[in-house]
Number of protein chains: 2
Amino acid sequence: MRGVIMYAPGDVRVEDREMPAIVEPTDAVIKLAATCICGSDLWPYRGAEHVDHNPMGHEYAGVVTQIGADVRNVTVGDFVVGSFFASDNTCEICRAGYQTHCVHRQPGAATGAQSEYVRVPLADGTLVATPGQPDTDLIPSLLAASDVLGTGWFAAVSAEAGPGKTVAVVGDGAVGLLGILAAKQLGAERIIAMSRHADRQQLGRRFGATDIVEERGDAGVERIRELTDGLGAHSTIEAVGTQEAMMQAIRATRAGGHVGFVGVSHDVSLDGQELFFSGVHLHGGPAPVRRFLPELIQLIWDREIDPGVVFDLTLPLEQAAEGYRAMDERRAIKVLLSV
Amino acid sequence: MRGVIMYAPGDVRVEDREMPAIVEPTDAVIKLAATCICGSDLWPYRGAEHVDHNPMGHEYAGVVTQIGADVRNVTVGDFVVGSFFASDNTCEICRAGYQTHCVHRQPGAATGAQSEYVRVPLADGTLVATPGQPDTDLIPSLLAASDVLGTGWFAAVSAEAGPGKTVAVVGDGAVGLLGILAAKQLGAERIIAMSRHADRQQLGRRFGATDIVEERGDAGVERIRELTDGLGAHSTIEAVGTQEAMMQAIRATRAGGHVGFVGVSHDVSLDGQELFFSGVHLHGGPAPVRRFLPELIQLIWDREIDPGVVFDLTLPLEQAAEGYRAMDERRAIKVLLSV
């Protein structure tokens, strides 16, 4: 089987790898229908996170080829979608909807998902089967549900996007763009996308953005305030993970409003006093995608949403290195790797 | 009229001061029924905040003696309770329940409330009249509603204390203790007070604490986890404002749980990555006491709650300096100054 290994920052290779097999009786093995590169894969690629011969990839959708002896909820032949964290989906934390913090959580794509096959632990609590075998054109959207859509959705839910609300979105990557889609689905009245790239602005508008703000930092905050009677947004999605983006999100939000932050925080430090006097609600973290998967799969199945259009570049798995370069250089929003 | 001036850290004096008068047509002047010292007054007293000949005091309850020409909702002779921030109570932020962030907010006790009389701006949006003239024994509780009760209440609401929830309370000052009372009123199943002082533990139990944890910092967090099946509290109230207390609150809370923080943050810095992976909800700031005043006044009036018992030392206004010393040295939880 072929799969992606990141040897070191900037050094991505596709290699022959051992075929995944059942290790625990709760495991499943999946043949991927397609795989992809995540914005968060760029952190190690750029040297901001440690990496040393790591199997890559944590987003996956495909057909179950093997199940362990204890697996009950999915069976061989099912088309399934999972999340980047495996969860038992039965503990108290899971039942509260926080499967990414499951007391038994572990990486969902145990052997790396940028490959032809992947082993998934805790299959019963992690995988959700689609109503049947999907049409080929639905596969990118189902793959997106596995992470970027689920993460953007969680950000919008955390920001309490909904009817009557003005939602600001900081970050025009796949997660930010799908946060727009989620805010629209949740009924937001007005959605302000913060983006200075024409192609991403266009996709943002397609997903439901009503306004575009090109300014960043303090100037971006000022623009959001101008658009909201000086008060700030009710709901802000932070989908970057830098200090600037986080402060932009907090400062763009009115007192009593909600910031949903899903950018993996790197070197972010929040001043307690500023947060205190901001009066915002702050919630985020690794998205409990599993909570939303049944609903998201149904919306995709019914063709109510088309999150798969965030994949603006498709390459064969063998060209993964070029896929990483394209995302690193922002030539592509998100790269789908065909297998 | 006599009133308290803080000349410098540690230097508190009671002096003859000018009688407050109406300045704006939306002002009222109140004759205080009693006044008190706030835990937050200790920040400047201890040199942690700038102070230079400041009139002190921001908690007040008493009888209206004068109103400006535009005041409609209260009249001379009414017994009223107000908040430490004056608010119009009509702007969009106020209507959303965040009166401490009102677009017209200003200090509620414009001339300082540790005195015989105080001028309150925006009287219509700030003051709430009691159903009649209160019995004398209700006055400490009505005064507590003005800040410490309203703040503890907001902390408990922000922490989403309620039925079935385990609530941890960091801080055993008046606000933390009244956070216990609030959590109890909101229906919390279990309330864990973090305190190592026998008198405060006793008051905590009286207000509804079911468990006491004496450990602090990491050991305190560990104890909370032991008491909650290793998961952490659903809801945590932070009522101190230091780095240690804030981290204790965040770490004592399960993923998906809620931290309500009302300690005025001093030199607190939150690591973005830790907050990200904690999965908690964080909300707090200066409590919008005005939102809760009608309900709190009624509960006091009906003798459902007795927050006034946090005043464990009563001194005449003339002895304010001794009151500050007693609170600074933690000989008193909260000092009432009779006028």
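Which residue out of A:VAL71, A:VAL103 is of a type in the set (Val, Ile, Thr), without any contact (Cβ under 8 Å) to a residue 24 or more places away in the chain and outside any strand (DSSP E or B)?
Working: A:VAL71 fails: without any contact (Cβ under 8 Å) to a residue 24 or more places away in the chain.
Residue meeting the stated conditions: A:VAL103.
Can you pull out the strands (runs of 3 or more DSSP E) entirely within segment B:1-44 that have at least 1 residues that are in contact with a Leu (Cβ under 9 Å, 6 or more places away or on another chain) and among the basic types (Lys, Arg)? Don't jump to the end; show me each part of the working.
Values: elements: B:2-8, B:11-16, B:28-36.
The strands (runs of 3 or more DSSP E) meeting that bar are B:2-8.
Can you tell me which residue is surrounded by the fewest Cβ atoms within 10 Å (Cβ to Cβ) among those in segment B:310-325 that are under 20 Å from B:ILE139 (Cβ atoms) and of a type in the set (Gly, Ala, Ser)? Walk me through how you get there before you give the answer.
Kept after step one, since they are under 20 Å from B:ILE139 (Cβ atoms), are these residues of segment B:310-325: B:310-320, B:323.
Then drop every residue that is not of a type in the set (Gly, Ala, Ser), which leaves B:320, B:323.
Working: B:ALA320: 27, B:GLY323: 25.
The extreme case among them is B:GLY323.
Please go through segment B:1-26 and pick out each residue that is surrounded by 23 or more Cβ atoms within 10 Å (Cβ to Cβ) and closer than 26 Å to B:ASP88 by Cα.
Across segment B:1-26, the qualifying residue is only B:PRO20.
Does segment B:254-262 contain at least one residue that is in a helix (DSSP H, G or I) and within 28 Å of B:ILE93 (Cα to Cα)?
In the first step, residues of segment B:254-262 are kept if they are in a helix (DSSP H, G or I); the result is none.
No, because not a single residue in segment B:254-262 is in a helix (DSSP H, G or I) and within 28 Å of B:ILE93 (Cα to Cα).
Give the residue that is nearest to the other protein chains (Cβ to nearest Cβ), with candidates limited to residues of segment B:213-237 that are open to solvent by 10 Å² or more (accessible area, probe 1.4 Å) and touching a Gly at 6+ places or on another chain (Cβ under 7 Å).
In this case the residue turns out to be B:HIS234.
Of everything in segment A:257-271 that's surrounded by fewer than 23 Cβ atoms within 10 Å (Cβ to Cβ) and over 24 Å from A:HIS58 (Cα atoms), which residue is farthest from the chain's Cα centre (by Cα)?
A:ASP271
Mind checking which residues of segment A:163-212 are farther than 16 Å from A:TRP153 by Cα, open to solvent by less than 50 Å² (accessible area, probe 1.4 Å), in a strand (DSSP E or B) and without any contact (Cβ under 8 Å) to a residue 40 or more places away in the chain?
Within segment A:163-212, A:ASP211, A:ILE212 qualify.
In the list A:ARG303, A:ARG291, which residue meets the criterion of being open to solvent by 70 Å² or more (accessible area, probe 1.4 Å), within 27 Å of A:LEU337 (Cβ to Cβ) and not in a helix (DSSP H, G or I)? Don't jump to the end; show me each part of the working.
Numbers: A:ARG291 fails: not in a helix (DSSP H, G or I).
Answer to the check: A:ARG303.
Filter segment B:101-110 down to residues that are surrounded by fewer than 22 Cβ atoms within 10 Å (Cβ to Cβ) and either touching a helix residue (DSSP H, G or I) at 6+ places or on another chain (Cβ under 7 Å) or more than 14 Å from chain A (Cβ to nearest Cβ) (or both), then give me how many there are.
So the answer is 4.
Quick one: is A:GLY230 assigned by TED's automatic domain parsing to the domain that holds A:ARG190, farther than 30 Å from B:SER278 by Cβ and modelled with pLDDT of 95 or more? Quick ask: steps written out before the conclusion?
Details: assigned by TED's automatic domain parsing to the domain that holds A:ARG190: yes; farther than 30 Å from B:SER278 by Cβ: yes; modelled with pLDDT of 95 or more: yes.
Considered against the rule, which asks whether it is assigned by TED's automatic domain parsing to the domain that holds A:ARG190, farther than 30 Å from B:SER278 by Cβ and modelled with pLDDT of 95 or more, A:GLY230 comes out as yes.
Note down all Cβ pairs under 6 Å where the first residue falls in segment B:282-307 and is within 14 Å of chain A (Cβ to nearest Cβ) and over 22 Å from B:SER235 (Cα atoms), the second is polar (S, T, N, Q) and open to solvent by 10 Å² or more (accessible area, probe 1.4 Å), and they're at least six residues apart or on different chains.
B:ARG290/B:GLN99
Can you go through A:VAL120, A:VAL103, A:VAL175 and tell me which one is β-branched (Val, Ile, Thr), modelled with pLDDT of 95 or more and in contact with a strand residue (DSSP E or B) (Cβ under 6 Å, 6 or more places away or on another chain)?
Working: A:VAL103 fails: in contact with a strand residue (DSSP E or B) (Cβ under 6 Å, 6 or more places away or on another chain); A:VAL175 fails: in contact with a strand residue (DSSP E or B) (Cβ under 6 Å, 6 or more places away or on another chain).
When all the criteria are applied, what remains is A:VAL120.
Scan segment B:15-28 and report the pairs whose first residue is under 16 Å from B:LEU317 (Cα atoms) and whose second residue is among the basic types (Lys, Arg), with Cβ atoms within less than 8 Å and a gap of 6+ or a chain change.
B:GLU15/B:ARG2; B:ASP16/B:ARG2; B:ARG17/B:ARG2
With basic (Lys, Arg), modelled with pLDDT of 95 or more and farther than 21 Å from B:VAL23 by Cα as the only criterion, which of B:ARG95, B:ARG72 stands out?
Details: B:ARG72 fails: farther than 21 Å from B:VAL23 by Cα.
The match here is B:ARG95.
Hey, among the residues in segment A:98-117 that are among the hydrophobic types (A, V, I, L, M, F, W, C) and out of contact with any His (no Cβ under 9 Å at 6 or more places or on another chain), which one's nearest to A:GLU295 (Cα to Cα)?
Looking at the filtered set, the residue picked out is A:CYS102.
Please find, among B:ASP70, B:ASP88, the residue that is surrounded by fewer than 23 Cβ atoms within 10 Å (Cβ to Cβ), over 24 Å from B:LEU317 (Cα atoms), within 21 Å of the chain's Cα centre (by Cα) and among the charged types (D, E, K, R). Don't jump to the end; show me each part of the working.
Working: B:ASP70 fails: within 21 Å of the chain's Cα centre (by Cα).
Just one listed residue meets the conditions, B:ASP88.
Looking only at segment A:111-136, filter to residues that are of a type outside the set (A, V, I, L, M) and either within 14 Å of chain B (Cβ to nearest Cβ) or more than 28 Å from A:GLU15 (Cα to Cα) (or both); which one of those is most open to solvent (accessible area, probe 1.4 Å)?
Only one residue fits best here, namely A:GLN133.
The values are calculated or read from the model by the stated rules, or taken from the named source; none is laboratory data. Remember, it's a predicted structure, so these values are computed and weren't measured experimentally. Quick reminder, even Gly has a Cβ in these numbers, built from the backbone with ideal geometry, and neighbours come from all protein chains shown. In case anyone asks, the SASA skips ligands and DNA or RNA and just uses the protein heavy atoms, side chains included. Shrake-Rupley method; radii C 1.70, N 1.55, O 1.52, S 1.80 Å.
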